[in-house]
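The values are calculated or read from the model by the stated rules, or taken from the named source; none is laboratory data. The model shown is predicted, which means the values in this text are computed figures rather than measured ones. Backbone-built Cβ (ideal geometry, glycine too); neighbour counts: all protein chains shown. Remember, those area values only see protein heavy atoms, side chains included, never the ligands or the DNA or RNA. Shrake-Rupley method; radii C 1.70, N 1.55, O 1.52, S 1.80 Å.
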Amino acid sequence: MSLTKADIARLIPHTGAMCLLDGVSAWDDASIRCTAVSHRDPANPLLDGGRLAAVCGVEYAAQAMAVHGGLAGGGKRPAAGYLASVRDLTCHVGRLDDVAEDLIIEADRLMGEGSSVIYSFMVRAGGRELLSGRAAVVIDAGVP
């Protein structure tokens, strides 16, 4: 089952240009694989001084995690949440805007209990890893 940008926008709170993902190519109860081309968009809202720092890939991964939560929750928007921490972040490049290939964003749910979930994630393009790490997400943090 694949999803389009419009499908993704229904699952996450990000709208317009801030919805960074363009598609979901695969997912199951434990993982998701998304694609994005917005890193090459000169109107990307995360650009700073015309550059998209590699660390912005964490936001791409966070959106993939939110989409995964919605899909795993029956196809509806998941409860509000936020990134509580990012660990073991490794950036193999300095920026993303100069990456010619589409981004592949993968997130694997490592564990989840109650209102917290831990994912590992990787962003890659053209067969090379651009960044990776782990993220703890707190769900339903009292945010409407």
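Values computed for the structure shown
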quantity	calculated
Criterion (at pLDDT 90 or above, more than 13 Å from the chain's Cα centre (by Cα) and buried (at least 19 other Cβ atoms within 10 Å of the Cβ)) met by exactly one of Leu103, Leu131, Leu110, Leu96	Leu96
Of all residues making up segment 44-74, the number that are closer than 20 Å to Asp7 by Cα and free of Cβ contacts under 8 Å to residues at least 12 places away in the same chain	2
Segment 26-43, residues that are farther than 23 Å from Gly112 by Cα, open to solvent by 20 Å² or more (accessible area, probe 1.4 Å) and touching a residue at least 40 places away in the same chain (Cβ under 8 Å)	Thr35, Val37, Arg40
For Ala125: the one exception among (1) in contact with a strand residue (DSSP E or B) (Cβ under 7 Å, 6 or more places away or on another chain); (2) surrounded by fewer than 18 Cβ atoms within 10 Å (Cβ to Cβ)	(2)
Residue selected from segment 101-119 under the condition without any contact (Cβ under 8 Å) to a residue 60 or more places away in the chain and assigned to a loop (DSSP other than H, G, I, E, B), by the criterion nearest to Cys19 (Cα to Cα)	Glu101
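Table: residues versus (1) assigned to a loop (DSSP other than H, G, I, E, B); (2) open to solvent by 60 Å² or more (accessible area, probe 1.4 Å); (3) within 20 Å of Met18 (Cα to Cα); (4) at pLDDT below 95.
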site	(1), (2), (3), (4)
Cys56	no, no, yes, no
Tyr60	no, no, yes, no
Arg87	no, yes, no, no
Phe121	no, no, yes, no
Val137	no, no, yes, yes
